[in-house]
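Throughout, read-outs are computed from the coordinates displayed, never taken from laboratory work. Just so it is clear, the structure is predicted and the values come from calculations on it, not from any experiment. Glycine also receives a Cβ, built like all others from the backbone with ideal geometry; neighbour counts cover every protein chain displayed.
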Amino acid sequence: MDLDKLRADFPALCQDNPVAYLDNACVTLRPHSVINAISDYYTHSPGCGGRSVHRYGTAVSKSIGKSRKTLAGFFNAPSVNEIVFTRNATHSLNQVAKGLHWDKGDIVLTTDREHNSNLVPWLQLEEEHGIDHRVVPSKDDNTFDMEAFEAMCSEAGDKLRMVSMSQIGNLDGVQVPIRQITKIAKDHGALVCVDGAQSAPHMPVDVQDLGIDFFAFSIHKMLGPSGMGGLWGREDLLNSMRTIQSGGQTVKTSHYDRVEWAKTPSKFEGGLGHFAGMMATGEAIDYLSKLNMNEVHEHEIRLNQIMSRGVKDLDGITIIGPDDAAKRGGICSLLLDESLPAHDIALLLDEVSGVMVRSGQHCVHSWFNNRGYNGSLRASAYFYNTEEDVKRFVDTFSEAVQAFQ
Ligand SMILES: Cc1ncc(COP(=O)(O)O)c(C=O)c1O
């Protein structure tokens, strides 16, 4: 990868005194092509796609169709109809959880490291519909415990309806073996939903090869506009599911006493959409498609190795997850002793040297609460980050730790 050339595409990286942006697990920076596509919508075709037949409407409809096709290609989806635009991965996961029919006692398995977006909807279903949500414990180093998973699948027997797991955790960057998990889940007749918010931006994903049923992703973590996400699902399942937002766009027609539902994806895209966002999504995915996603993954691991080596021996610091950075992608998430206030240090990193990281519980409250930790300080790299960025993080963070101790 030619980093200088890539970085020149990102206006946020081309300012005087560029920041070391290491909060990519939350939201990524956007290239010119994405920013321009947003502005192009408002400037050149500020109409309504999918309904109006005038030239603005037609231009938007065509462009959205193109974005959907690009996404389908990126994930090797068998049909463009299987790509649903949503507001974010949270919306996608809610659509899966609340769109399927549940019987009391149906068992859903997640792990003990899920983002709230892949935990709270299941807890809500437990409260409201009596499903039985169970948590598969990870090994001590936060890696996936296949034996525990298999035992819990067997214990669940024919009550197992759903296995829903993040492919890569935002807490620690640890990846779970989705293909193997899916095989076991399928042997038990369960559906598999993958929270791909942290995997889709960083590694190749082929939904057919994984053998899964649903894949939720977050377009603002993939160079795309804020407030954009997506859901891939098997067409037959999507067509049999209930939409969680009914209204305009979601029906073939309606009568005073009944509706005839549209098919996927229209059925799930109720109301006037974020057209600028959908159009710019095509640009974001085009950009990612030109990169080699295996190289992206390797680059992030190399940067993480520098970060991990640089901080692991500091007093009062524990890296969450396995010691080996190669098992944590681009995420270096640090538990800090009580003497080290994560939010203050994160602020200081930005003020002193323009290093931007995340502090807190990263919406994985359950993991922290269960262990009695306040939170962590998380640095997360992307393909446009340089060795200089991560060294800057290590140096400033080391100085901050010494200053506080
Ligand atoms: C693993 C994981 N799942 C779900 C989400 C929620 O994504 P979104 O903000 O697109 O709803 C995130 C966001 O950080 C995440 O990291």
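Just tell me the longest site-free run in the chain, where the sites are trypsin sites (Lys or Arg not before Pro) in a DSSP loop having at most 12 other beta-carbon atoms within 10 Å.
Excluding the exposed sites themselves, the longest stretch runs over 105-257.
Using alpha-carbon pairs under 8 Å, 6+ residues apart, how would you state the relative contact order of the range 171-259 in percent?
20 percent.
How much length, in nm to one decimal, is gained on full extension between K66 and S254, taken as 0.36 nm per residue of separation minus their Cα-Cα distance?
Extra length from K66 to S254 when fully extended: 64.8 nm.
Taking Rh as the Kirkwood radius computed over C-alpha pairs, what is the Stokes-Einstein D of the chain at 37 °C in a medium of viscosity 0.692 mPa s, expressed in µm² per second?
This corresponds to a translational diffusion coefficient of 148 µm²/s.
Tell me the relative contact order for the chain as a rounded percent, counting alpha carbon contacts under 8 Å between residues six or more apart.
Answer for the chain is 22 percent.
Which longest run of the chain has no exposed loop site in it, a site being chymotrypsin sites (Phe, Trp or Tyr not before Pro) in a DSSP loop with at most 16 other beta carbons within 10 Å, and the site itself not part of the run?
Here the longest segment lacking exposed loop sites spans 1-255.
Would you mind checking K139/K221; K159/K186; K267/K290; K104/K183 for any pair whose Cα atoms are more than 23 angstrom apart?
From the list (K139/K221; K159/K186; K267/K290; K104/K183), the Cα-Cα distance tops 23 Å for K139/K221; K267/K290; K104/K183.
Under 14 Å from a point placed 7 Å out from the Cα of E298 along the Cα-to-Cβ direction: which residues of the range 179-204 have their backbone N that close?
It comes to 204, nothing else.
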